[in-house]
Structure formats: C-alpha cells, structure tokens
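All remarks here apply to the structure that follows.
Throughout, read-outs are computed from the coordinates displayed, never taken from laboratory work. The shown structure was predicted, so the numbers you read here are calculated from the model rather than taken from an experiment. Here the Cβ positions follow ideal geometry from the backbone for every residue, glycine too, while neighbour counts run over all protein chains shown.
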Amino acid sequence: MAAPLLLAHTLRRGAVLIGMHAAGAPARRPPLARSLLTWMGNSMSAKNETPAAPLVPAAGTDVATFAAGCFWGVEKSFKRKFGGDEGLLQCQVGYCGGTKEHATYREVCSGSTGHAEAIQIVYDPAKLSFEQLIDFFYRMHDPTTLNRQGGDTGTQYRSAVFFHSDKQKEIAEAQTKLAQTHYGATKIQTTIEAPGKFWPAEEYHQEYLDKNPHGYECPTHFERSWERIEQLFKSGK
C-alpha cells in the first residue's frame, strides 16, 4: 500500500478505535489522530494530491450524488449493488455541499469546509431509476445518526442527498418520508441539499477498496431489508 493510502487507512482505523467525539459536535480529533492527519497531508506529493478528472455524463444518462459516511465503503456498496448491467455506468468519490473551492482530503477531514464525503453516480435511467437509488441509499447505511457513521464523526460524514433537479428533490423528499415509516420513532437525520460544486477526490481515493481489499470499511455500510430495519427500529430486536 502506498504511503498516503496506508496513512489514510491508519487514520480512519484510529478514528474508529479512539471514538473521536459525540455526534453533532464540531469535528475534532485526538492529538494522535490530528498529528497523523497533518503528517499525511504534509507528506503527500503534488502528484498524490491531484484530484481525479471529473466525470463527463453521456447524453441520455442521469447523475445522482449521495453522502453516507466514509466514501470508500459507499462507493463499494453502490457498485456492488448496481454495477455490471444493472444501470450504474460510472461512480466517483469526492467532496460536496461545502463552501471552499478545490477542497482537498486534508481540508475536508478537518471539518472546517462544510463538505461531505460523497459519491457521484452516472446511471442509465432506462435501467435504473432515482427511486431505486434512494431506496438502496436508505438501506445501506444508518441515516438516523447525526453527522456520524460508525466511529467516523463530523459533518463530513453526514447523511445527505444532493439533488440535481426539482424532480430529484421531489423524489428524495417523498422517499425520505416513506423511509421514515420503516425507521419508526427514530428520526432520519439525512439532509436534502442542492449540490453546489462536486469536487472529485484525489486519485488514490477512487476505487480505494478495489485497490485495497483489506482497507478500512465503515461497519454500517451493508444492505439491509426493510423488514430487518423495522425489526431493529420498531421492535428493538
């Protein structure tokens, strides 16, 4: 594993083991984690910090953007579910929903830019609908934890749907209300936001878990059935 990848993996693993801070609080890291983050950022070469090229959707395709915690596992989950001939054509991890231009991993990890780690998907609407993507989104992570997935905490790990049209916003709002019926009294914390600028993440983050199959994957990233969700959140089993 290349040095930046190893350090990034170590930092995320450390975040899970250390716990970091309570959900909803400003993003802070223990001294060791902060030192690792600083060292990781300062030791990366300009080549390693170069972002991936933006996706260029072909005519007749649609774009969807989601945030559900650490983007490594989110990318893997969507590709595993909808890859191949299921309608997902391209997938890219990056940063969305923030205020700073040309956001970098180091800056987003600080929690100071307002960005979420996100994935952007190009899909074939003749094979895959936005409703299907939203339905899976609400079943592949825990949308009830505010600014947190597993041990990853901070606004950069928030649950969010970034809409690209009024129609997508309408669908997202309707699907969120429907999902809430399955989660019962536990409130969904997902935000529905205008995307603003999507900044592709550095190249080494793209397909990270394909390149590093034993790398860190957030434990909340797996597909549940609606029946199982109701068992967990309505009956507490």
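If you filter region 63-160 for trypsin sites (Lys or Arg not before Pro), then keep DSSP loop positions with at most 13 other Cβ within 10 Å, what is left?
In loop regions of region 63-160 (DSSP not H, G, I, E or B), the sparsely surrounded trypsin sites (Lys or Arg not before Pro) are LYS127.
Report the residues of region 133-166 in range of a label on LYS100: point 7 Å along Cα→C-beta, backbone N strictly under 15 Å from it.
Label zone hits: 155-157.
Whole number please: convex hull volume per residue, Cα atoms of region 88-181, in Å³.
On the way: hull volume 10.5 nm³, N = 94.
So the per-residue hull volume is 112 Å³.
What net charge do the residues around LEU128 carry, taking every other residue with its C-beta under 9 Å from that of LEU128, with Lys and Arg at +1 and Asp and Glu at -1?
Net charge in that neighbourhood comes out at -2.
Take the Cα of GLU170, step 7 Å along the line toward its Cβ, and report every residue of region 119-133 whose backbone nitrogen sits under 15 Å from that point.
Residues passing the 15 Å test: 130-131.
So which of LYS100/LYS177; LYS167/LYS197; LYS127/LYS167 end up more than 21 Å apart by C-alpha?
LYS100/LYS177
May I ask you to derive the FRET efficiency for LYS187 and ASN48 from their Cβ-Cβ distance with R0 = 30 Å, giving the value to the nearest 0.05?
It comes to 0.15.
From the square roots a ≥ b ≥ c of the eigenvalues of the alpha-carbon gyration tensor of region 180-237, which class results: rounded (a/c under 1.5), prolate (a/b over b/c), or oblate?
oblate
Quick check: pseudo-label points 7 Å beyond the Cα along Cα→Cβ at SER225 and LEU178, how many nm apart are they?
The modelled label-to-label distance comes out at 1.8 nm.
In terms of modelled amide H atoms, which long-range or inter-chain residues lie less than 5 Å from the amide H of GLU193?
Excluding prolines and chain starts, which carry no amide H, the hits are VAL161, PHE162, PHE163.
Sequence-distant or interchain residues sharing an amide H contact under 5 Å with LEU89, placed H: which?
The list, which skips near neighbours in sequence, is VAL122, TYR123, ASP124.
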